[in-house]
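Visitor: Next up is a structure, given as structure tokens.
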Amino acid sequence: MFKKVPGTRDILPQEVSRWQNIEEISRRVFTIYNYQEIRSPVIEEALLFNRSLGDSTEIVQKQMFLTKSAKSTYALRPEGTASVARSYIENNLNKTQGFVKLYYIGPMFRLERPQKGRLRQFHHLGCEVIGSVEPLTDVEIISLADNLLEAFSIADYQIHLNSLGCSKDKKELARIIHKGLKDKLSKLCADCRRRLKINILRVLDCKNKTCQEVVRKLNIHDEHLCLQCKNNFEKIKEGLDLLKIDYHINPFLVRGLDYYTGTVFEITHKQLGAQDALGAGGRYDNLIKELGGTQAGAIGFAFGIERLLLVSNPKPQTSNPKLVYIIPLGEKARIEGSKLLDNLRKAGIASDTDYEGKSLKGAMRRANDLGAKYVVIIGEDEIKKSVVTLKDMESGEQREVRQNDIVRELQNKSQIPNHKSQTNPNIK
Ligand code: HAM
């Protein structure tokens with residue numbers, strides 16, 4: 001028997017309503033903030049991620065799903081920002097639209113060691129604003145993340161905020177870290193000793209306890225920031241204060257992707273355990289130019305949908321709250337039933353029938369399990385009288401309705417606009 005690949009999940013029908021709920025809420029909130037959806041391919045040239053995320057990042061070094069063709073190496077996208085940046089440049093969105101606000105929902109792939117909240121195929125709910133360096137965009141992005149969480153009814157999360165500053169400031173930060181750690185190499189883990197040479201900022205968020213003790217003693221605040229970056233960071237904090245958004249300044253927050261400059265943030269939730277980030281994001285003002293576009297400031301974030309679902313309360317399963325279930329009893333009734341089913345569906349009424357030839361009792365039980373609102377019974381008696389028996393499953397009330405009237409009656413009960421049935425000549 002085949003099993004799913006480790007680190008992947010089947011999203012079964014009973015869970016799908018929770019996914020749809022998250023997706024619907026997101027689309028509504030993104031639209032309120034005037035973001036438009038973008039759908040980019042799941043495969044990209046691997047080099048796009050080497051260039052964007054950085055050759056020395058863990059994702060590029062160890063976690064990409066790669067496949068080679070005669071000319072190129074392709075990767076299953078490990079994240080969405082690089083793809084959106086590529087698409088922005090390739091489709092000349094800078095010329096046609098300039099400033100863009102985009103969102104995306106879709107699967108991402110990282111060859112990680114699976115554990116709770118860490119998968120090899122997971123889903124991002126993310127957004128990117130390209131074409132602005134204005135600090136108020138940072139405020140909008142963080143407030144959007146905050147409002148999304150509120151709309152998902154998720155509470156008790158923490159927003160951690162930092163500014164890495166511009167490229168020059170990042171170099172200065174690297175210098176400060178190097179100076180502070182050069183005598184303490186023996187106390188650092190092997191990974192951090194390697195990071196010191198190739199990706200020094202990552203030393204700051206090493207998860208190793210001993211490294212953390214050493215690193216937390218470093219005197220790091222905002223000395224690495226130039227005047228402009230310091231002013232921008234102040235404006236962002238003021239903007240968040242004005243909107244009463246709670247955040248914690250964390251000078252050790254650096255994030256694992258090289259493209260970040262300026263603001264970086266991470267949203268954590270204690271309930272998640274070791275993998276505690278619900279989502280994260282930040283500015284990447286140099287990426288578009290580095291990928292061959294014109295200079296364009298940009299900022300975005302992504303939530304991991306699986307992690308959102310781990311901390312949001314399961315919604316009761318309301319599979320199809322207005323379902324009409326038809327129970328035909330006998331061969332003739334089966335034909336009448338299938339005609340009625342077709343008419344109901346054409347009239348926009350969610351409906352289904354028993355295809356298994358169940359007894360009345362068995363079919364009623366099935367209707368009940370499905371959470372049907374109404375049951376329509378068609379037996380020999382009903383056919384003779386040109387009626388059906390309509391049962392309200394909530395009240396238990398049962399009565400006969402003329403065959404010709406049943407679609408209209410159910411339509412009125414479901415309050416479905418009946419423009420379709422009026423104009424659809426197929427409805428008999
Ligand atoms: P990231 O921090 O790598 O950022 O991913 C964002 C979120 O995706 C994480 O906070 C986490 O919730 C979820 N996530 C990441 N890896 C996994 C995994 N293996 N399994 C389950 N969930 C995972 C980015 O990808 C950036 N592109 C975010 C961004 C957008 N920055 C600017 N714009």
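The values are calculated or read from the model by the stated rules, or taken from the named source; none is laboratory data. Note that the structure is a prediction, hence the values are computed from the model and not measured. Here Cβ is always computed from backbone atoms with ideal geometry, including for glycine, and neighbour counts include all displayed protein chains. In case anyone asks, the SASA skips ligands and DNA or RNA and just uses the protein heavy atoms, side chains included. Shrake-Rupley method; radii C 1.70, N 1.55, O 1.52, S 1.80 Å.
Visitor: Count, please, the residues in the stretch 67-116 that happen to be away from the ligand (no atom under 14 Å from the Cβ), under 29 Å from residue 33 (Cβ atoms), surrounded by fewer than 17 Cβ atoms within 10 Å (Cβ to Cβ) and not basic (Lys, Arg).
Guide: 7
Visitor: Right, something else. Taking the stretch 313-360 on its own, how many of its residues are of a type in the set (Phe, Trp, Tyr) and modelled with pLDDT of 95 or more?
Guide: Counting residues in the stretch 313-360 that are of a type in the set (Phe, Trp, Tyr) and modelled with pLDDT of 95 or more gives 1.
Visitor: Then there's this: Can you report the number of residues in the stretch 345-380 which are in a loop (DSSP other than H, G, I, E, B) and charged (D, E, K, R)?
Guide: 4
Visitor: Can you tell me which residue is nearest to the ligand (Cβ to nearest atom) among those in the stretch 142-156 that are open to solvent by 60 Å² or more (accessible area, probe 1.4 Å) and either among the acidic types (Asp, Glu) or in contact with a strand residue (DSSP E or B) (Cβ under 6 Å, 6 or more places away or on another chain) (or both)?
Guide: Applying the filter and picking the extreme gives 156.
Visitor: Let me ask another. Given the residues 198, 267, 236, which is the only one that is among the aliphatic types (A, V, I, L, M) and modelled with pLDDT under 95?
Guide: Testing whether each residue is among the aliphatic types (A, V, I, L, M) and modelled with pLDDT under 95 leaves just 198.
Visitor: So, of the residues in the stretch 157-172 that are under 23 Å from residue 134 (Cβ atoms) and out of contact with any strand residue (DSSP E or B) (no Cβ under 9 Å at 6 or more places or on another chain), which turns out to be most open to solvent (accessible area, probe 1.4 Å)?
Guide: 168
Visitor: Residues in the stretch 247-285 that are over 19 Å from the mean Cα position of the chain (by Cα), surrounded by fewer than 21 Cβ atoms within 10 Å (Cβ to Cβ) and among the aliphatic types (A, V, I, L, M): how many?
Guide: 3
Visitor: When the stretch 7-52 is examined, which residues are found to be in contact (Cβ under 8 Å) with a residue 12 or more places away in the chain and open to solvent by 80 Å² or more (accessible area, probe 1.4 Å)?
Guide: Matches in the stretch 7-52: 9, 14, 28, 34, 36, 39, 43, 45, 47, 51.
Visitor: Sticking with this structure for a sec: Could you tell me which numbered condition residue 244 fails, if it satisfies all but one of (1) modelled with pLDDT under 95; (2) closer than 21 Å to residue 145 by Cα; (3) open to solvent by 90 Å² or more (accessible area, probe 1.4 Å)?
Guide: (1)
Visitor: Within the stretch 121-141, is there a residue that is within 11 Å of the ligand (Cβ to nearest atom), part of a loop (DSSP other than H, G, I, E, B) and touching a residue at least 40 places away in the same chain (Cβ under 8 Å)?
Guide: no
Visitor: Hey, among 204, 161, which residue is within 16 Å of the ligand (Cβ to nearest atom) and either modelled with pLDDT under 95 or assigned to a loop (DSSP other than H, G, I, E, B) (or both)?
Guide: 204
Visitor: Same structure, new question: Can you find a residue in the stretch 343-361 that is within 30 Å of residue 147 (Cα to Cα), open to solvent by 10 Å² or more (accessible area, probe 1.4 Å) and out of contact with any strand residue (DSSP E or B) (no Cβ under 6 Å at 6 or more places or on another chain)?
Guide: No, there is no match, as no residue in the stretch 343-361 is within 30 Å of residue 147 (Cα to Cα), open to solvent by 10 Å² or more (accessible area, probe 1.4 Å) and out of contact with any strand residue (DSSP E or B) (no Cβ under 6 Å at 6 or more places or on another chain).
Visitor: Restricting to the stretch 249-279, name every residue that is assigned to a strand (DSSP E or B) and within 16 Å of the ligand (Cβ to nearest atom).
Guide: Hits for the stretch 249-279 are 263, 264, 265, 266, 267, 268, 269, 277, 278, 279.
Visitor: Of the conditions (1) under 20 Å from residue 140 (Cβ atoms); (2) within 16 Å of the ligand (Cβ to nearest atom), residue 244 clears all except one; give me its number.
Guide: If we test residue 244 against (1) under 20 Å from residue 140 (Cβ atoms); (2) within 16 Å of the ligand (Cβ to nearest atom), just (2) comes out false.
Visitor: Another question, if that's okay. State which residue pairs qualify: first residue within 15 Å of residue 59 (Cβ to Cβ) and inside the stretch 196-209, second residue surrounded by 18 or more Cβ atoms within 10 Å (Cβ to Cβ) and of a type in the set (Lys, Arg) in any location, beta carbons under 6 Å apart, and separation of 6 or more residues or different chains.
Guide: Partner pairs satisfying both residue conditions: 202/195.
Visitor: Related question: Considering only residues that are closer than 23 Å to residue 95 by Cβ and assigned to a strand (DSSP E or B), which ones fall in the stretch 280-304?
Guide: 283, 298, 299, 300
Rundown of residues vs (1) at pLDDT 95 or above; (2) hydroxyl-bearing (Ser, Thr, Tyr), yes/no style:
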site	(1), (2)
386	yes, yes
390	yes, no
406	yes, no
411	no, no
416	no, no
419	no, no
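Visitor: Please state which of the following conditions residue 64 fails to meet, knowing it meets all the rest: (1) closer than 24 Å to residue 293 by Cα; (2) open to solvent by less than 70 Å² (accessible area, probe 1.4 Å); (3) among the hydrophobic types (A, V, I, L, M, F, W, C).
Guide: (1)
Visitor: If I filter the stretch 31-51 for residues that are within 27 Å of residue 136 (Cβ to Cβ) and assigned to a helix (DSSP H, G or I), do I get at least one hit?
Guide: Yes, that holds for at least one residue.
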